Amino acid sequence: MAHQSKVNPFLKTNNDTGFGNKADSYGGRFINKDGSFNLRREGSTYFNRFSVYQRMLNLPTWKFITVILIFYFVINLLFTTAYLFIGAGQLQGIVAQTPWARFKEVFYFSTQTFTTVGYGRINPMGDGANLLSSLEALTGFLSFAIATGLIYGRFAKPKSYLKFSDLALISPYRDKTALMFRFVTYKDNHTLTNVEIKVNIAMRVDENGVSTYNFYDLILERYKVDNLPMNWTVVHPIDENSPMFGLSCDDVATADVELYVLVTAFDEVYSSLVLQRTSYTYQEMKFNAKFVPMYRESEDGMTTVLELHKLNEIKEV
């Protein structure tokens with residue numbers, strides 16, 4: 001059952017989040033923890049929706065390297081098979097006697113041709129082998145050009161390098177209650193400037209007997225910092241002007257509450273604007289807990305130590 005709205009009627013609903021308000025049309029959260037939208041597109045062909053370039057730029061590093069290695073071995077296996085189909089006799093210099101040893105020699109010849117190394121002990125003789133090796137050399141040039149572009153694109157792509165706390169906390173704050181979460185830059189010598197944050201909240205409510213999602217801009221204690229060398233704890237005071245005013249833990253769950261967080265900043269390294277999104281569902285909100293400070297003075301008293309491993313450390317209150 002949808003939550004019966006307790007929201008201040010003078011708050012203006014924000015419909016600029018990119019989501020509609022039909023509660024029955026959504027599944028799960030709106031935004032994934034990594035900032036991607038929890039959305040699957042249908043109604044068009046896969047190849048019309050798929051972009052190799054975008055996918056390769058956004059793959060995790062280990063997956064990117066794995067794809068490159070798999071492509072390299074598979075393409076050489078295909079050319080090796082083609083050489084053997086034409087006939088190993090069209091390759092001069094092969095000395096192997098057994099089929100397996102011959103296969104390995106042809107495979108290594110293929111890798112040398114593909115990379116244009118060309119050690120010279122084995123060389124094509126017939127028209128078929130020469131034509132195939134020419135095609136392989138062209139394929140190698142094009143493949144390495146594409147791989148180089150992808151590698152450069154991945155290195156040159158501006159990134160925010162932000163980590164968010166796993167949980168958002170609802171805890172006593174000064175003379176009231178507040179919703180808070182925190183984030184931090186985790187790269188050395190990487191300080192963002194002109195950092196701005198916007199937090200929306202999605203709540204499922206009953207309006208005239210119809211279950212709908214309402215979206216609200218949350219009023220924050222601070223919206224902007226000039227520099228972000230340390231962590232930033234974002235605080236939303238829960239008072240009479242808050243859509244979360246008067247909501248208990250059960251109310252938050254019933255309303256299917258989700259926070260949508262958008263951080264934008266200027267990165268001096270890339271001289272570019274960067275952004276990062278994340279979200280917190282009601283399952284990732286904890287009542288009556290506070291964050292443990294994640295910085296301390298160094299032993300010699302000459303600098304401040306930011307303890308990244310304490311990003312998610314909390315204590316009950």
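The values are calculated or read from the model by the stated rules, or taken from the named source; none is laboratory data. Computed from a predicted model, the values in this text were never measured in an experiment. With ideal geometry, Cβ positions are generated from the backbone for all residues, glycine too; neighbour counts draw on all protein chains shown.
When the residues of segment 23-62 are narrowed to those that are surrounded by 13 or more Cβ atoms within 10 Å (Cβ to Cβ) and assigned to a helix (DSSP H, G or I), which ends up modelled with the lowest pLDDT?
23
Quick test for you: out of 269, 234, pick the one residue that is loosely packed, with under 15 Cβ neighbours inside 10 Å, aliphatic (A, V, I, L, M) and under 25 Å from residue 36 (Cα atoms).
Among 269, 234, only 269 is loosely packed, with under 15 Cβ neighbours inside 10 Å, aliphatic (A, V, I, L, M) and under 25 Å from residue 36 (Cα atoms).
Per-residue answers, yes or no, for (1) in contact with a Pro (Cβ under 9 Å, 6 or more places away or on another chain); (2) more than 30 Å from residue 256 (Cβ to Cβ):
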| residue | (1), (2) |
| --- | --- |
| 40 | no, no |
| 66 | no, yes |
| 72 | no, yes |
| 76 | no, yes |
| 83 | yes, yes |
| 86 | no, yes |
| 94 | no, yes |
| 111 | no, yes |
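Taking segment 78-98 as the region of interest, how many residues are within 13 Å of residue 110 (Cβ to Cβ) and not in a helix (DSSP H, G or I)?
Within segment 78-98, residues that are within 13 Å of residue 110 (Cβ to Cβ) and not in a helix (DSSP H, G or I) number 2.
Working carefully through the options 193, 212, find the one that is among the hydroxyl-bearing types (Ser, Thr, Tyr) and under 24 Å from the mean Cα position of the chain (by Cα). Show your work before the answer.
Details: 212 fails: under 24 Å from the mean Cα position of the chain (by Cα).
Only one candidate passes the filter, namely 193.
Of everything in segment 289-300, what is exposed (fewer than 13 other Cβ atoms within 10 Å of the Cβ) and of a type outside the set (Ser, Thr, Tyr)? Give them in sequence order.
292, 293, 296, 297, 299, 300
Report, ordered by the first and then the second residue, all pairs with beta carbons closer than 9 Å, sequence separation of six or more or different chains, a first member in segment 139-163 that is over 23 Å from residue 111 (Cα atoms), and a second member that is of a type in the set (Lys, Arg).
Here the result reads 159/187; 161/187, each pair linking segment 139-163 to a residue that is of a type in the set (Lys, Arg).
Are there any pairs with C-beta distances below 7 angstrom linking a residue in segment 212-230 that is in the same structural domain as residue 303 (by TED's automatic domain parsing) and closer than 13 Å to residue 193 by Cα to a residue that is polar (S, T, N, Q) and modelled with pLDDT of 90 or more, with the two at least 6 apart or on different chains, and if so which?
Taking only residues 6 or more apart or on different chains, the pairs are 226/193; 226/194; 227/193; 228/185.
I need a count of the residues in segment 150-174 that are more than 16 Å from the chain's Cα centre (by Cα) and either within 18 Å of residue 233 (Cβ to Cβ) or surrounded by 20 or more Cβ atoms within 10 Å (Cβ to Cβ) (or both).
The number of residues fulfilling the criteria is 8.
In the list 181, 215, which residue meets the criterion of being under 25 Å from residue 285 (Cα atoms), surrounded by 21 or more Cβ atoms within 10 Å (Cβ to Cβ) and either modelled with pLDDT of 95 or more or small (Gly, Ala, Ser) (or both)?
On the way: 215 fails: either modelled with pLDDT of 95 or more or small (Gly, Ala, Ser) (or both).
So the residue among 181, 215 that is under 25 Å from residue 285 (Cα atoms), surrounded by 21 or more Cβ atoms within 10 Å (Cβ to Cβ) and either modelled with pLDDT of 95 or more or small (Gly, Ala, Ser) (or both) is 181.
List every residue pair whose Cβ atoms sit under 8 Å apart, with the two residues 6 or more apart in sequence or on different chains, where the first one lies in segment 41-57 and is at negative phi and the second, anywhere, is surrounded by fewer than 10 Cβ atoms within 10 Å (Cβ to Cβ) and modelled with pLDDT of 85 or more.
Pairs that qualify, where the first residue is at negative phi and the partner is surrounded by fewer than 10 Cβ atoms within 10 Å (Cβ to Cβ) and modelled with pLDDT of 85 or more: there are none.
If only one of 303, 264 is in the same structural domain as residue 207 (by TED's automatic domain parsing), surrounded by fewer than 18 Cβ atoms within 10 Å (Cβ to Cβ), in contact with an Asp or Glu (Cβ under 6 Å, 6 or more places away or on another chain) and not aliphatic (A, V, I, L, M), which one is it?
Numbers: 303 fails: in contact with an Asp or Glu (Cβ under 6 Å, 6 or more places away or on another chain).
Criteria check complete, one pass: 264.
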